[in-house]
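Asker: Sharing a structure with you now.
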Amino acid sequence: MRTLLFTGKGGVGKTTAAAGTAVRAAGAGLRTLVLSTDAAHSLADAFGEPVGPDALGAFAMAAYDGDDPLAAPVGDGPMTLRRTRGGTTLRLALPFVAAPDIDLARRGDELVVTVGGHRRLVCLPAALARQVVAGARVEKGALEVRFHRLGEGSA
């Protein structure tokens, strides 16, 4: 683990250097955390993030357009399971992603999904943890992973 600190007088470019370094490190696939102890929101501004009640209120209005943000979601969630004759299909919503952009691996009871420089661990439900991956494809904005029980062929 490496820790980088950017210090100095005000106005010398600490925030710019920290933000630029964080972007490069994250782009290189390194686990990256960037933070600031400055009460000014300049680091958030550098990344274009809303900070403060007014900015967050404006973001909420744009995102929810008057709908209740605490209301129960409607429709399918980002991950669904479907039983088939040959086993089970896990569907994970990945809009705007093409098959060559995805790397998929199985590690114990987790599915490791990597898209570009972003890696996510998907904890598999107990029923799937006891099954093996039979295949995967990208279809209509989603990654579909087929599973079958040990000892059965992929159908």
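The values are calculated or read from the model by the stated rules, or taken from the named source; none is laboratory data. A quick note: this is a predicted structure, and the numbers were derived from the prediction, not measured. Reconstructed Cβ throughout: ideal geometry from the backbone, glycine too, with neighbour counts over all protein chains shown. Side chains included, ligands, DNA and RNA excluded: accessible areas come from the protein's heavy atoms. Shrake-Rupley method; radii C 1.70, N 1.55, O 1.52, S 1.80 Å.
Asker: Sum -39500 (n - 2.57) across every DSSP H segment of at least 4 residues in the chain, then divide by the residue count to get the 222 nm mean residue ellipticity, nearest 500. Let's see the in-between values first.
Answerer: Values: 4 runs with 36 residues, N = 155.
My calculation for the chain gives -6500 deg cm²/dmol from helical runs alone.
Asker: Over the alpha-carbon set of segment 1-150, work out the extent along each principal axis and list the three values in angstrom, largest first.
Answerer: 66, 43, 26
Asker: Separate question: At 1.4 Å probe size, what's the solvent-accessible area of T3? Round to the nearest 10 Å².
Answerer: Counting only protein heavy atoms, T3 exposes about 100 Å² to solvent.
Asker: Among G135, G29, G13, which one shows the biggest mean-square fluctuation in a GNM of the chain, springs joining Cα atoms closer than 10 Å?
Answerer: G13
Asker: Separate question: Could you tell me how far the Cα centroid of segment 91-117 sits from the Cα centroid of segment 1-43, in Å?
Answerer: Between the Cα centre of segment 1-43 and that of segment 91-117, the gap is 29 Å.
Asker: Ratio of Rg to Rh for segment 21-93, alpha carbon only, Kirkwood?
Answerer: On the way: Rg = 19.4 Å, Rh = 16.7 Å.
My calculation of the ratio gives 1.16.
Asker: Next question. Using a 7 Å offset from the Cα along the Cα-to-Cβ direction at both K140 and M1, what is the distance between the two label points in nm, to one decimal?
Answerer: 4.5 nm
Asker: Scaled to the compact-protein estimate 2.2 N^0.38 Å, what is the alpha-carbon radius of gyration of segment 76-118, rounded to two decimal places?
Answerer: Details: Rg = 11.9 Å, N = 43, 2.2 N^0.38 = 9.2 Å.
Ratio of Rg to 2.2 N^0.38 Å for segment 76-118: 1.30.
Asker: Moving on to the next point. Return one number: the angle in degrees, 0 to 90 and rounded to the nearest 10, between the long axis of the Cα atoms of helix 14-27 and the longest principal axis of the Cα atoms of the chain.
Answerer: Roughly 20 degrees between the two axes.
Asker: Based on the Cβ-Cβ distance from L121 to V12, what FRET efficiency comes out when R0 is 41 Å, to the nearest 0.05? Kindly include the intermediate steps, with their values, before the conclusion.
Answerer: Details: r = 39 Å, r/R0 = 0.96.
Computed FRET efficiency for L121 and V12: 0.55.
Asker: While we're looking at this one, here's another question. Which of these, G27, G52, G108, has the largest mean-square fluctuation under a Gaussian network model of the chain (Cα springs below 10 Å)?
Answerer: Judging by the Gaussian network model, the answer is G52.
Asker: Rounded to the nearest 0.05, what FRET efficiency is calculated for A28 and A63 with R0 set to 22 Å and r the Cβ-Cβ distance? Can you show the working numbers first?
Answerer: Numbers: r = 31 Å, r/R0 = 1.39.
For R0 = 22 Å, the calculated efficiency reads 0.10.
Asker: With r as the distance between the Cβ atoms of D109 and D76 and R0 = 25 Å, compute the FRET efficiency 1/(1 + (r/R0)^6) and round to 0.05. Mind showing how you got there, number by number?
Answerer: On the way: r = 23 Å, r/R0 = 0.91.
Efficiency computed from Cβ-Cβ geometry: 0.65.
Asker: Choose one answer from A22, A63, A99: the residue with the largest mean-square fluctuation in a GNM of the chain with alpha-carbon springs under 10 Å.
Answerer: Among A22, A63, A99, the largest mean-square fluctuation in the Gaussian network model of the chain belongs to A63.
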